[in-house]
Amino acid sequence: MRKALRWLLALTVLIGTLGTAGAATAADAAGTTDIKERLLSIPGMSLVEEKPYTGYRFFVLNYTQPVDHRKPSKGTFQQRITVLHKDVSRPTVFFTSGYNVSTTPRRSEPTQIVDGNQVSLEYRFFTPSRPAPADWSKLDIWQAASDQHRVFKALKGIYSKNWISTGGSKGGMTATYYERFYPRDMDGVVAYVAPNDVVNKEDSAYDRFFARVGTKECRDRLNAVQREALVRREPLEKKYAAFAQENGLTFTTIGSLDKAYEATVLDYVWGFWQYSLLSDCDQIPADAKNATDEAIWDSVDTISGFSAYADQGLSAYTPYYYQAGTQLGAPTIHFPHVEKQYIRYGYQPPRNFVPRDIPMKFQPSAMRDVDTWVRHNARQMLFVYGQNDPWGAEPFRVGKGAKDSYVMTAPGMNHGANVAGLVPEQKALATARILDWAGVAPSAVQADPQAAEPLAKFDAKLDKRDVQREMTLRP
């Protein structure tokens, strides 16, 4: 009898719960529940702050994530996310930079194109989204993809329309890896300027890139300044030592000021093409041999940044260098315009940029796996590259097994390449496919893809997309 009563009571509670859930769902669909309440009703979600922006609600949030998705009981950490909310009836774009998340309202290009919501995620181990203590073995592309998967699952009940993932550079890599491990989550992927270092020890593509990028005149100017900075190593390192003392810079991780100086100088040519345009070449000293020490220093510092390889410059990017040295790979290039006597270390490996108390072991199969998967299994994926961006020397490619997937290159553009910079025919096609994947393509676009245009007007503040100048060689 008691068992029957307990069963009846449990059934009554269950029916009541289902009824309440149904009523809540109906109320949410009607828009009567405030979006902040809906977000904060998600288990593990907490509010950091809300910032106003006309036409949107913008939330900075923390979400509780397991340190190890394979063993969720082994501890958690707080991962920062932001939500740029427009309307639950609109599609949602899932954005990640692969680094820290911006807490200023920003709209990625796909978000503008589809006129949708945007969820942005801070990559695990970038502070403050770092477990304590930090078990660095849990920083890998599968764990990061699983972070995204959990966030998507948590928010899909609110944002039920189509989702598209996106990101630029390491963020484009991140969007690609997420698709590889969780191909059923997203309705489309837009990966910008995403490097694809399949075989870490084979980097001749970069050497070929630097031999022909831009014009010979521009290449010669850059090469001459770089060489001169190495020829004048002694006087310029004295200047560097004074600069370091004045700014409190130390060089424990890389090992010495001399190593940091050479690493900065060797980044110079790469850094120019990553962040600048061919039209900026007139800012490079035209006669390096007769330029002053100050002119050589200023040019290298402006493009590479002499604080980049100091401990203070490296510490914020330890998670990136750790991944570069364990899974992502890192480029190695040569300098035929500089005599060997002037180069002591060459392109240094990521191991030199990570504190020695953090163990690292490279996994050569990680990028081969992703590359093979993309070539044969890509579905509704778009890769956009810049013609003059060094990181595009080793791009993703789609093969015969891919469906509705594309690789496009924006002429003359750098690491800030986007859909807007493509040639008109490709720009229209890319825009049309993004609209279609998001489920918001107007009938006119469905009939003629060349009619495709972004659904939201450009907002100079919200759509600010300048290339983030990270003063060292990072994607």
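Data for the structure
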| item | result |
| --- | --- |
| Residue check for LEU139: touching a strand residue (DSSP E or B) at 6+ places or on another chain (Cβ under 9 Å) and either of a type outside the set (Asp, Glu) or over 15 Å from PHE58 (Cα atoms) (or both) | no |
| Qualifying residue in region 170-178 (condition: among the polar types (S, T, N, Q) and either closer than 17 Å to GLY98 by Cβ or under 18 Å from the mean Cα position of the chain (by Cα) (or both)) | yes |
| Residues within region 192-205 that are among the polar types (S, T, N, Q) and surrounded by 15 or more Cβ atoms within 10 Å (Cβ to Cβ), tallied | 2 |
| Residue ID - surrounded by the most Cβ atoms within 10 Å (Cβ to Cβ), chosen from residues in region 301-311 that are outside any helix (DSSP H, G or I) and touching a Phe, Trp or Tyr at 6+ places or on another chain (Cβ under 8 Å) | TYR309 |
| Condition check for THR250: β-branched (Val, Ile, Thr) and farther than 27 Å from LEU328 by Cβ | no |
| Condition broken by TYR317, with the remaining ones in (1) of a type outside the set (A, V, I, L, M, F, W, C); (2) assigned to a helix (DSSP H, G or I); (3) more than 25 Å from TRP136 (Cα to Cα) satisfied | (3) |
| LEU236 being in contact with a helix residue (DSSP H, G or I) (Cβ under 7 Å, 6 or more places away or on another chain), at pLDDT 95 or above, open to solvent by less than 70 Å² (accessible area, probe 1.4 Å) and under 18 Å from TYR347 (Cα atoms) | no |
| Search result, residues across region 264-287 that are open to solvent by 20 Å² or more (accessible area, probe 1.4 Å) and either of a type in the set (Ser, Thr, Tyr) or within 16 Å of GLU237 (Cβ to Cβ) (or both) | TYR275, SER279 |
| Matching residues, region 242-263, being surrounded by fewer than 16 Cβ atoms within 10 Å (Cβ to Cβ) and touching a helix residue (DSSP H, G or I) at 6+ places or on another chain (Cβ under 6 Å) | THR250, THR252 |
| Single residue of region 394-437 satisfying the filter (among the hydrophobic types (A, V, I, L, M, F, W, C) and in a loop (DSSP other than H, G, I, E, B)) that is surrounded by the fewest Cβ atoms within 10 Å (Cβ to Cβ) | VAL423 |
| Top-ranked residue in region 288-300 [being more than 24 Å from ALA393 (Cβ to Cβ) and in contact (Cβ under 8 Å) with a residue 12 or more places away in the chain; ranked as most open to solvent (accessible area, probe 1.4 Å)] | LYS289 |
| Cβ-Cβ under 9 Å pairs, at least 6 apart or on other chains, region 70-90 side without any contact (Cβ under 8 Å) to a residue 12 or more places away in the chain and among the small types (Gly, Ala, Ser), far side surrounded by fewer than 23 Cβ atoms within 10 Å (Cβ to Cβ) and assigned to a loop (DSSP other than H, G, I, E, B) | none |
| Within region 23-54, considering residues that are open to solvent by 70 Å² or more (accessible area, probe 1.4 Å) and polar (S, T, N, Q), the one modelled with the lowest pLDDT | THR25 |
| Boolean, ARG57 is part of a helix (DSSP H, G or I), under 27 Å from LEU455 (Cα atoms) and open to solvent by 10 Å² or more (accessible area, probe 1.4 Å) | no |
| Selected residue [crowded, with 16+ Cβ neighbours inside 10 Å, within 28 Å of ASP282 (Cβ to Cβ) and among the charged types (D, E, K, R)] from ARG150, ARG208, ARG221 | ARG221 |
| Flag for PHE362 being modelled with pLDDT of 95 or more, open to solvent by less than 40 Å² (accessible area, probe 1.4 Å), among the aromatic types (Phe, Trp, Tyr) and within 23 Å of the chain's Cα centre (by Cα) | no |
| Tally, over region 320-372, of residues that are among the small types (Gly, Ala, Ser), touching a residue at least 60 places away in the same chain (Cβ under 8 Å) and assigned to a helix (DSSP H, G or I) | 1 |
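The values are calculated or read from the model by the stated rules, or taken from the named source; none is laboratory data. Please read all numbers here as calculations on a predicted model, not as lab measurements. Ideal geometry is used to build each Cβ from the backbone, glycine not excepted, and the neighbour counts take in all protein chains shown. Surface areas here come from the heavy atoms of the whole protein model, side chains and all, with no ligands, DNA or RNA. Shrake-Rupley method; radii C 1.70, N 1.55, O 1.52, S 1.80 Å.
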